[in-house]
Amino acid sequence: MDEKLLESTLVGVTGGLGAYAEYVALAAATACPVPDGTTARDAVAVAAPGAIALGLLYKAGLEGGETVLVEAGTSSVGTYLVRHAKEFGAGRVIATAGSAAKRARVSELGADTSIDHGVAGWPGELPGVDVVFESIGGPSARQVLDRLTPGSGRMLYYGLLSGEPAAVRAADLMERGVTITGCSGPGWAAEFGTRYPEMLARLGSGRSEAYIDSTLPLEKAAEAHHRLENRQATGRILLIV
């Protein structure tokens, strides 16, 4: 490993395994220096969700002026999708959120329109949409598919906040001539690895920022999980040793 790298403060991504340990082994490729002028806390908050959001935005291949739907716009990844979508060519950004406070938040982040995804049948409020960043899953994904632009619409599927897989069949895609891309698993690792240092560079240069809901000591991990499970957080919750 580069000696200069060893002398730096590093931020690393564990892939969801081992982060609560006092020490953890990481592949060198997943350890990046904290940018100058940036705190380690901000770097930790941005690294993983920001890299996923960048990967999704590049994968979407926005062509300029398209209408984009970001589901769960105040989630850790959704926040960065809303923040950077227009930078990547979106003309209009629609974001969903589950409370009035969260809908106000997505507007602050740059969404043109917000929709409450807690209301039954919410996809019926959508206009035509060119690109959907699908993170809710379940039956609403099928309803959202009906709003995709025939022939060119794209759904990028990366989460299932509902706890259910997206209820979309191959035949549903054929009817509208649209595409769905799964953005997870081993095939996504290379994309994530590329965007991870890029996101930290954006943070260091001021082209992005850290969205931190709260910081808690490690012994309050249960409280952090409670907040996440009850969807109370609008940003990252950091556990500090």
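Residue count for the stretch 65-113, restricted to those that are within 11 Å of Phe133 (Cβ to Cβ) and without any contact (Cβ under 8 Å) to a residue 24 or more places away in the chain: 0. The set of residues in the stretch 214-241 being in a helix (DSSP H, G or I) and more than 20 Å from the chain's Cα centre (by Cα) consists of Leu218, Glu219, Lys220, Ala221, Ala222, Glu223, His226. Would you confirm, using the coordinates I've provided, whether Gly124 is closer than 18 Å to Arg231 by Cα and not hydroxyl-bearing (Ser, Thr, Tyr)? Answer is no for this residue. Can you confirm whether the stretch 187-201 contains a residue that is over 19 Å from Ala72 (Cβ atoms) and part of a strand (DSSP E or B)? Within the stretch 187-201, not a single residue is over 19 Å from Ala72 (Cβ atoms) and part of a strand (DSSP E or B).
A quick yes/no check of all residues on (1) assigned to a loop (DSSP other than H, G, I, E, B); (2) buried (at least 22 other Cβ atoms within 10 Å of the Cβ):
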site: Ala29; (1), (2): no, no
site: Ala43; (1), (2): no, yes
site: Ala47; (1), (2): no, yes
site: Leu56; (1), (2): no, yes
site: Glu63; (1), (2): yes, no
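Candidates in the stretch 219-238 are the residues that are closer than 22 Å to Thr38 by Cβ and among the aliphatic types (A, V, I, L, M); of these, the one that is modelled with the lowest pLDDT is Ala233.
The values are calculated or read from the model by the stated rules, or taken from the named source; none is laboratory data. Just so it is clear, the structure is predicted and the values come from calculations on it, not from any experiment. Cβ coordinates were reconstructed from backbone atoms using ideal geometry, including for glycine residues, and neighbour counts include every protein chain displayed.
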